[in-house]
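One structure is given here, and the rest of the page talks about it.
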Amino acid sequence: MTPPSTQTPPETPRAGGERPLRVVLVNQYCYPDIASTGHLIHDLAIELAGRGLEVEVLTTQPSYGDKDSWVDCPKVQVEGGATFKRVWVPRVSKNVLAGRAIKDGVFLMQLGVRMLFGSRRDTVYLYSTAPPYGAIVGAMVGLVRKHTYVTLLYDSYPQLATWVGTFKKGSFIEKVWHRINRFFYGRAKQAIVLCDAAKRLVCENYPIDADRVHPIPNWAPPGFEPIAKHDTDFARRHAYGDEFVLLYSGNMGLYYDFETVLGAAELLKDEPFKLVIVGGGGKKADVVKQVADRNLTNTTVLPYQPFETLNDSLNACDASLVTIAEGIEGISFPSKLYTSLAVGKAIVAIAEDWSELREKVEQADCGVWAKLGDAEGLAEKLRGLIRDRARTAAMGERARELFEREYTREASASKYERVLRLADPNAKEGAR
């Protein structure tokens, strides 16, 4: 990647000599931080700048992952026409609740001061849910001065926190959190969510009209493209032969189901099938234990692969596993679907029967779906993919076509631009 410039980009005038739409993207993390939202915001900023918008990102110094991933970045830098501004926060582990709260609090205090005294009336501010309650700053500033903002929902809190058991449903903390959400959704000009299920969740719980809530999916970053399994270094290194390889690569977090696929792997132990699970996360220890307890000789668990070789490792399979746990869809959405589509592999989806993930896969005929907990049903569908490799490959081709049609960063950025222009405080009502 070309090193970022520190020069100020020239203004790009609109047609007729007007100033370009000015937007500020607010997200606690940004590339080169390893947080997925940080990569998304970075990509979005550059894509919007390339479309002629005046783009600024307000974020922090990298501190999301382990210490060896922390790097020092300039306080202000320009890349791809977008300006990135970083504020200081304590570098503490996100896995320590108290440390995370301190880091969030310091970021929000600085954000509040900047917005109260420095926000501009001609600007649209996009507040993401990193941290989850960040848009409260926009709502509070809007009480004392003109402040136009849009919310961006990545993960829905407090719903996610109650699902994982951080605090109880109906608790005082949950009630307060919902009250905060109602406040900032009620004052938001527009809202962006990742899927239709998330739109339903927002509209059912908070005072915002459905026509102001816009589902826009995430995307796979550039550089992911199909490679034949046997042409990958990863497949050669691990000696994958003619057996059918099902690959999961990513976070083994609490929001994903692995019990179903491990049950299917047990049923397929004597067949030409191999399950490869790559990554880390809260469920990794349990997955490793189950592989040992079930004596799954056809299953391998490997660590995260370097980002530089990720396209190669994602292609070292015949099909890609995408899963989401019961009760999570709408609260979160498995973004790994987009990289799986990008590399052109058949999708094996494990989700609830009403799932939007199921709908996308089946409508495009780019893979198969199995119900959560139905290991036997999943095993039978995998047998179908194993028997008919030509059909499986055709599903992979349709997966890539779906990606190119709907899930590139260009396609999503175009939708973001439309929503941001709907919120433009300088636009005449009839021109939006």
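The values are calculated or read from the model by the stated rules, or taken from the named source; none is laboratory data. Predicted model only: the values in this text are computed from it and were never measured. With ideal geometry, Cβ positions are generated from the backbone for all residues, glycine too; neighbour counts draw on all protein chains shown.
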Handout entry: Subset of the stretch 376-396 that is loosely packed, with under 14 Cβ neighbours inside 10 Å and in contact (Cβ under 8 Å) with a residue 60 or more places away in the chain - its residue that is nearest to Asn311 (Cα to Cα)
Key = Arg389
Practice task
Might you let me know whether the stretch 206-214 holds any residue that is hydrophobic (A, V, I, L, M, F, W, C), buried (at least 18 other Cβ atoms within 10 Å of the Cβ) and either free of Cβ contacts under 8 Å to residues at least 40 places away in the same chain or not assigned by TED's automatic domain parsing to the domain that holds Glu308 (or both)?
Solution key: yes
Fill in the blank from the handout: The lone condition Asn426 fails out of (1) in contact (Cβ under 8 Å) with a residue 24 or more places away in the chain; (2) of a type outside the set (Ser, Thr, Tyr); (3) assigned to a helix (DSSP H, G or I); (4) surrounded by fewer than 18 Cβ atoms within 10 Å (Cβ to Cβ) is (3)
Handout entry: Which listed residue, of Glu266, Glu271, is assigned to a helix (DSSP H, G or I), assigned by TED's automatic domain parsing to the domain that holds Ala370 and not hydrophobic (A, V, I, L, M, F, W, C)
Key = Glu266
Exercise for the section: Would you check if there is a residue in the stretch 24-31 being in contact with an Asp or Glu (Cβ under 6 Å, 6 or more places away or on another chain), closer than 25 Å to Gly223 by Cα, not hydrophobic (A, V, I, L, M, F, W, C) and not in a helix (DSSP H, G or I)? Expected result: no
Exercise for the section: Please indicate, with yes or no, whether at least one residue in the stretch 399-409 is in the same structural domain as Leu357 (by TED's automatic domain parsing), assigned to a helix (DSSP H, G or I) and of a type in the set (Gly, Ala, Ser). Expected result: yes
Practice task
Scan the stretch 308-315 and give yes if some residue there is closer than 30 Å to Lys169 by Cα, outside the structural domain of Glu204 (by TED's automatic domain parsing) and surrounded by 22 or more Cβ atoms within 10 Å (Cβ to Cβ), otherwise no.
Solution key: no
Exercise for the section: Please determine, by comparing only the residues of the stretch 99-154 that are part of a helix (DSSP H, G or I) and either outside the structural domain of Val193 (by TED's automatic domain parsing) or among the β-branched types (Val, Ile, Thr) (or both), which one is modelled with the lowest pLDDT. Expected result: Ile102
Handout entry: Unmet requirement for Ala342, which otherwise passes all of (1) out of contact with any Asp or Glu (no Cβ under 9 Å at 6 or more places or on another chain); (2) more than 27 Å from Gln159 (Cβ to Cβ)
Key = (1)
Practice task
Output the residue which, of all residues in the stretch 221-273 that are over 23 Å from Thr408 (Cα atoms) and small (Gly, Ala, Ser), is surrounded by the fewest Cβ atoms within 10 Å (Cβ to Cβ).
Solution key: Ala239
Handout entry: 1 or more residues not aliphatic (A, V, I, L, M): qualifying strands (runs of 3 or more DSSP E) within the stretch 307-382
Key = 319-323, 367-371
Practice task
Could you please let me know if Gly279 is outside any loop (DSSP other than H, G, I, E, B) and either modelled with pLDDT of 95 or more or surrounded by fewer than 21 Cβ atoms within 10 Å (Cβ to Cβ) (or both)?
Solution key: yes
Handout entry: Qualifying residue in the stretch 282-293 (condition: in a helix (DSSP H, G or I) and closer than 30 Å to Asn205 by Cβ)
Key = no
Handout entry: Long-range neighbours under 6 Å by Cβ, at least six apart or interchain, first residue under 21 Å from Pro306 (Cα atoms) within the stretch 274-289, second among the hydroxyl-bearing types (Ser, Thr, Tyr) and surrounded by fewer than 20 Cβ atoms within 10 Å (Cβ to Cβ)
Key = Val276/Thr300; Gly279/Tyr304; Gly280/Tyr304
Exercise for the section: For the stretch 279-304, name all the residues that are touching a strand residue (DSSP E or B) at 6+ places or on another chain (Cβ under 6 Å) and over 23 Å from Val164 (Cβ atoms). Expected result: Val291, Asn298, Thr299, Thr300, Leu302
Practice task
Confirm whether Tyr255 is among the aromatic types (Phe, Trp, Tyr) and under 29 Å from the mean Cα position of the chain (by Cα).
Solution key: yes
Practice task
Restrict the check to the stretch 239-257 and report whether at least one residue is assigned to a helix (DSSP H, G or I) and either on the phi < 0 side of the Ramachandran plot or hydroxyl-bearing (Ser, Thr, Tyr) (or both).
Solution key: no
Handout entry: Matching option when the condition is in contact with a helix residue (DSSP H, G or I) (Cβ under 7 Å, 6 or more places away or on another chain), assigned to a helix (DSSP H, G or I) and assigned by TED's automatic domain parsing to the domain that holds Gly112, among Ala197, Ala161, Ala191, Ala235
Key = Ala197
